[in-house]
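The block underneath contains the structure these notes are about, expressed in structure tokens.
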Amino acid sequence: EPVSTNTNVVLYGIPDGVNGHDHASALETIATELSSLSDVSAYVMTDFSTSQNCAGTLHMANIFVSRSHGGYRNYASGDLSRTFICLDETNTEILNSYYNSAAANSYYLYGDYSNLDLALFVGCHTGRGGNGARNLPTRIVELGASAAIGFPDEILCDEANDWTTVFFECLQNGWSINEAITECRGHVTDIDLKNPTACGHLGLILGALW
């Protein structure tokens, strides 16, 4: 099932000044390839962001990708409270799946995301708990996004870049989201990259009209 034309793709490659992880190069390559296609506008950001700006971007994009650190918090009971992506070097600017009153620089998913065909949160723990838990991909689909993907535990940075590159190659070849996920399993060794948390309409063929 193809999606509409004039696709607006936004890719966030948040720098890692502490460990030197590469969160940008794969996205820059993807953006260059997508920008050469008709009816696709691709923008890659390779700097820090505020959580407020990121929350706003999610309301404007058709496809959103973040390559960043991620994390999660539990309630005192041990049950999952929320997952998040980190948007600055000190991990104080974070975008949460649910409201967090304790973090001054923290925004959370809110409103209507029916503009989003796909949200891809490529970071550790972003899909913790699996489909249906209080994580980013589950929540954004509940709020209207067609499909979303995150990862249940820690992931290897270099392999995460490989996974993202192969995933978009599959989309450009006219494969569905679910078919792309399956193909990516053969290109990585990381068990959590092989088994992402994938929510929503995974039969979408995002590249059918590119």
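Some values worked out for this structure:
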| item | result |
| --- | --- |
| Between the range 125-191 and the range 7-86, the alpha-carbon center distance in angstrom | 13 Å |
| Where labels lie 7 Å past Cα in the beta-carbon direction, separation of Val18 and Asp47 in nm | 2.3 nm |
| Fluctuation leader among Asp39, Asp16, Asp192 - the chain, Gaussian network, Cα springs under 10 angstrom | Asp39 |
| Vicinal HN-Hα couplings computed from phi for the range 189-195 (Karplus, 6.51 cos²θ - 1.76 cosθ + 1.60; Hz; Gly/Pro x) | 9, 5, 4, 7, 6, 5, 10 |
| Highest to lowest packing among 142-153, 193-204, scored as the average C-beta count within 10 Å | 142-153, 193-204 |
| Carbon + sulfur, % of accessible area of the chain - ligands and nucleic acids excluded, 1.4 Å | 46 percent |
| Karplus (6.51, -1.76, 1.60) ³J(HN,Hα), θ = phi - 60°, over the range 70-80, in Hz, Gly and Pro reported as x | x, x, 8, 9, 10, 5, 4, 6, x, 6, 5 |
| Solvent-accessible area per residue for the range 6-158 (1.4 angstrom probe, square angstrom) | 41 Å² |
| Theoretical FRET efficiency, 1/(1+(r/R0)^6), r = Cβ-Cβ of Tyr110 and Asn173, R0 35 Å, to 0.05 | 0.50 |
| Most mobile of Gly132, Gly78, Gly123 in a GNM of the chain (Cα contacts under 10 Å) | Gly78 |
| Dipole moment magnitude, nearest 20 debye, the chain about Cα centre, only Lys, Arg, Asp, Glu C-beta charged | 640 debye |
| Amide H partners (placed H, <5 Å) of Tyr98, local residues excluded | Thr83, Leu109 |
| Inter-site label distance for Leu156 and Ser36 at 7 Å from Cα along Cβ, in nm | 2.9 nm |
| 3J(HN,Hα) from dihedral phi, the range 135-146, Karplus parametrisation 6.51/-1.76/1.60, rounded to Hz, x for glycine, proline | 10, 4, x, 4, 5, 5, 5, 4, 8, x, 4, 5 |
| For the range 84-181, diffusion coefficient by Stokes-Einstein and Kirkwood Rh (Cα), 4 °C, 1.567 mPa s, µm²/s | 91 µm²/s |
| Estimated FRET transfer efficiency (Asn131, Thr189; beta-carbon r; R0 22 Å; 0.05) | 0.40 |
| Beta bridge orientation in the chain: antiparallel %, DSSP, nearest 5 | 35 percent |
| Per-pair calculated FRET efficiency, R0 = 22 Å: His59 and Ser81 via Cβ, rounded to 0.05 | 0.40 |
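The values are calculated or read from the model by the stated rules, or taken from the named source; none is laboratory data. Every value quoted in this text rests on a predicted model; they were computed, and no experiment measured them. Backbone-built Cβ (ideal geometry, glycine too); neighbour counts: all protein chains shown. To get the accessible areas, we keep the full protein, side chains included, count just its heavy atoms, and leave off ligands, DNA and RNA. Shrake-Rupley method; radii C 1.70, N 1.55, O 1.52, S 1.80 Å.
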